[in-house]
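Peer 1: Just passing along the structure, written as structure tokens.
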Amino acid sequence: MIKWVRLDERMIHGQIATKWSRTLGVDRIVVADDTAAASDIMQKSLMMAAPATCKTAIVTVDKAVSLCNDPRAAGLKILLIVSTPENLLRVAKEVKDIPQINVGNYGRVAPKHGTEARKTYTKNLYAYEDEVEVLRQVMATGIPCNVQTIPDDVPQELSKVLG
């Protein structure tokens, strides 16, 4: 069962390993990212950052959708992490029974559009207008969406953050 889907361009890091995995009580972390799935170095780095309390998989977006929709996943507590708004939209449309989408960290290290700067929405959310449009499409799926970097932060509705 999907406990949560998170947009986080850094994928697995301290906030995920020490805060979110414990707060959510997950036993699985699935990173859905084609680039990371194709890179041994990225996979090893992410696995080193993953908490020992969770089985972790770094897979393509196709594989993540398949894994999460597999009936055998129903008994699991899965945190699904994506690194881009586009992958978030795909997951939101294709994975069944997502209870919540969280936007954690995005826009600081993501590939840039030339020299154009992203607009600042929160201290951890920066986006170009085309990325905001993709996030609006995610919200249009009807899945509740919030912005919250760590569990101690007060969640904000994504629609209010984007204006």
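The values are calculated or read from the model by the stated rules, or taken from the named source; none is laboratory data. This one's a predicted model, so the numbers in the text were calculated from it and none came from an experiment. Here the Cβ positions follow ideal geometry from the backbone for every residue, glycine too, while neighbour counts run over all protein chains shown. The protein model used for the area step is the full one, side chains on, heavy atoms only, and it has no ligands, DNA or RNA in it. Shrake-Rupley method; radii C 1.70, N 1.55, O 1.52, S 1.80 Å.
Peer 1: Straight-line reach only, C-alpha to C-alpha below 13 angstrom: list the aspartates and glutamates that Lys19 could link to, leaving out same-chain residues fewer than 8 apart.
Peer 2: Asp152, Asp153
Peer 1: To the nearest 10 square angstrom, what accessible area does Met47 show with a 1.4 Å probe?
Peer 2: We get 90 Å² for Met47.
Peer 1: Please state the shape class of region 66-106: rounded when a/c is under 1.5, otherwise prolate if a/b exceeds b/c and oblate if not, all from the C-alpha gyration tensor.
Peer 2: Numbers: a/c = 2.29, a/b = 1.71, b/c = 1.34.
It comes out prolate by the Cα gyration axes.
Peer 1: Continuing with the same structure: Pull up the DSSP beta bridges for region 1-134 and report the antiparallel fraction as a percent, rounded to 5.
Peer 2: Taking every DSSP beta bridge with both residues in region 1-134, the antiparallel ones total about 15 percent.
Peer 1: Could you report the accessible area of Arg108 in Å², rounded to 10, computed with a 1.4 Å probe on the protein chains as they sit in the structure?
Peer 2: Here the residue's solvent-accessible area equals roughly 140 Å².
Peer 1: Let me ask you something else. Distance check, please: which entries in Lys3/Lys119; Lys96/Lys160; Lys123/Lys160; Lys3/Lys96; Lys112/Lys160 exceed 19 angstrom between their Cα atoms? Spell out each step's value before the answer.
Peer 2: Details: Lys3/Lys119 30 Å; Lys96/Lys160 25 Å; Lys123/Lys160 15 Å; Lys3/Lys96 12 Å; Lys112/Lys160 25 Å.
Those over the limit are Lys3/Lys119; Lys96/Lys160; Lys112/Lys160.
Peer 1: Here's something else I'd like to know. For region 2-15, just list the computed ³J(HN,Hα) in residue order, Karplus coefficients 6.51, -1.76 and 1.60, θ = phi - 60°, integers in Hz, with x standing in for Gly and Pro.
Peer 2: 6, 7, 6, 10, 10, 8, 8, 5, 8, 6, 10, 7, x, 4
Peer 1: Mind grabbing the accessible area of Arg136 for me, 1.4 Å probe, Å², rounded to tens?
Peer 2: Answer for Arg136: close to 80 Å² accessible.
Peer 1: Still on this structure: Using alpha-carbon positions, what is the distance between the centroids of region 100-163 and region 14-33, in Å?
Peer 2: 19 Å
Peer 1: How large is the helix-only mean residue ellipticity at 222 nm for the chain, computed as the sum of -39500 (n - 2.57) over DSSP H runs with n ≥ 4, divided by its residue count, in deg cm²/dmol to the nearest 500?
Peer 2: Numbers: 7 runs with 53 residues, N = 163.
Roughly -8500 deg cm²/dmol at 222 nm, from the helical runs in the chain.
Peer 1: For Val109 paired with Thr23, estimate the spin-label separation in nm (one decimal), with each label point 7 Å from Cα along the Cα-to-Cβ line.
Peer 2: 2.0 nm
Peer 1: Shifting gears a bit: How high is the relative contact order of the chain, in percent, with contacts defined as C-alpha pairs under 8 Å that are six or more residues apart?
Peer 2: Numbers: 291 pairs, mean separation 47.7, N = 163.
Here the relative contact order equals 29 percent.
Peer 1: Starting from the 7 Å offset along Cα-to-Cβ, what nm value, one decimal, do you get for the label separation of Ala38 and Ala52?
Peer 2: Taking the two extended label points, one gets 3.4 nm.
Peer 1: Would you mind checking region 7-50 for residues with the amide N under 13 Å from a putative spin-label position 7 Å along Cα→C-beta of Val161?
Peer 2: The answer is 7-9, whose backbone nitrogens lie closer than 13 Å to the label point.
Peer 1: Pop a pseudo-label 7 angstrom from the Cα along the beta-carbon direction at both Ala117 and Arg136 and give the gap in nm to one decimal.
Peer 2: The answer from the label model is 2.3 nm.
Peer 1: Test of understanding: what is the full-extension gain from Ser45 to Glu129, defined as 0.36 nm times their sequence separation minus their Cα-Cα distance? Write down the numbers at each step before the final one.
Peer 2: Details: separation 84, 0.36 × 84 = 30.24 nm, distance 3.10 nm.
Between Ser45 and Glu129, full extension yields an extra 27.1 nm.
Peer 1: Which entry in [x] 12.4; [y] 19.6; [z] 9.0 is this structure's computed mean projected area of the Cα convex hull in nm²?
Peer 2: Matching the structure shown: [z].
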